[in-house]
Amino acid sequence: MEKKDVLWIKSMEYCEKYCKCHQMPERSFFVGGYQFPLCARCTGILVGHIIGLILLPIHVFGLIWGLLMIPMVLDGGIQYLTSYRSNNIRRFLTGLLYGVSFISFIHSLFHFIKGMI
């Protein structure tokens, strides 16, 4: 077994165990024949978290940013409750919005609570 195959297997196992991602192949991106260890939505959330953390020092977030979580909730919820099936681009983009808004929401909430103490 090649080194890159071992790395891919370990990445898949790690993400399944610690990220709790379902890793369904039809809901994941593939590069060079290898499935991403996270599904499209979880990949978007992770990228959104990274972008949110990068923006923290240079951007003022408000609690209103929490509204950007709504598209993912709607997309995932409608898909769960009906026969509607989203596509991986939409899953990634709604996850991205959620990831950035989650970081900004937690940051704003932290400062709000800190101001109350």
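The values are calculated or read from the model by the stated rules, or taken from the named source; none is laboratory data. Everything numeric here is computed off the predicted structure, so don't read it as measured data. When we count neighbours, we look across all protein chains shown, and the Cβ atoms used for this are built from the backbone with ideal geometry, even at glycine.
Reported count of residues in region 7-49, each being surrounded by 12 or more Cβ atoms within 10 Å (Cβ to Cβ) and among the hydroxyl-bearing types (Ser, Thr, Tyr), is 4.
The residue that is farthest from Arg27 (Cα to Cα), counting only those in region 89-117 that are in contact (Cβ under 8 Å) with a residue 40 or more places away in the chain and surrounded by fewer than 17 Cβ atoms within 10 Å (Cβ to Cβ), is Phe112.
For region 2-117, the helices (runs of 4 or more DSSP H) that sit wholly inside it and include 2 or more residues that are in contact with a Gly (Cβ under 8 Å, 6 or more places away or on another chain) are 40-55, 88-116.
Looking only at region 78-88, filter to residues that are of a type outside the set (Phe, Trp, Tyr) and free of Cβ contacts under 8 Å to residues at least 40 places away in the same chain; which one of those is nearest to Gly66 (Cα to Cα)? Before you say what the answer is, go through the steps one by one.
Kept after step one, since they are of a type outside the set (Phe, Trp, Tyr), are these residues of region 78-88: 78-79, 81-83, 85-88.
If we keep only those that are free of Cβ contacts under 8 Å to residues at least 40 places away in the same chain too, we end up with 78-79, 81-83, 85-87.
On the way: Ile78: 19, Gln79: 21, Leu81: 23, Thr82: 25, Ser83: 27, Arg85: 25, Ser86: 22, Asn87: 23 Å.
Here the residue is Ile78.
Conditions (1) at pLDDT 85 or above; (2) closer than 17 Å to Phe105 by Cβ; (3) of a type in the set (Ser, Thr, Tyr), marked per residue:
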{"position": "Cys19", "(1), (2), (3)": "no, no, no"}
{"position": "Arg27", "(1), (2), (3)": "yes, no, no"}
{"position": "Phe30", "(1), (2), (3)": "yes, no, no"}
{"position": "Leu38", "(1), (2), (3)": "yes, no, no"}
{"position": "Leu53", "(1), (2), (3)": "yes, yes, no"}
{"position": "Gly77", "(1), (2), (3)": "yes, no, no"}
{"position": "Tyr80", "(1), (2), (3)": "yes, no, yes"}
{"position": "Arg91", "(1), (2), (3)": "yes, no, no"}
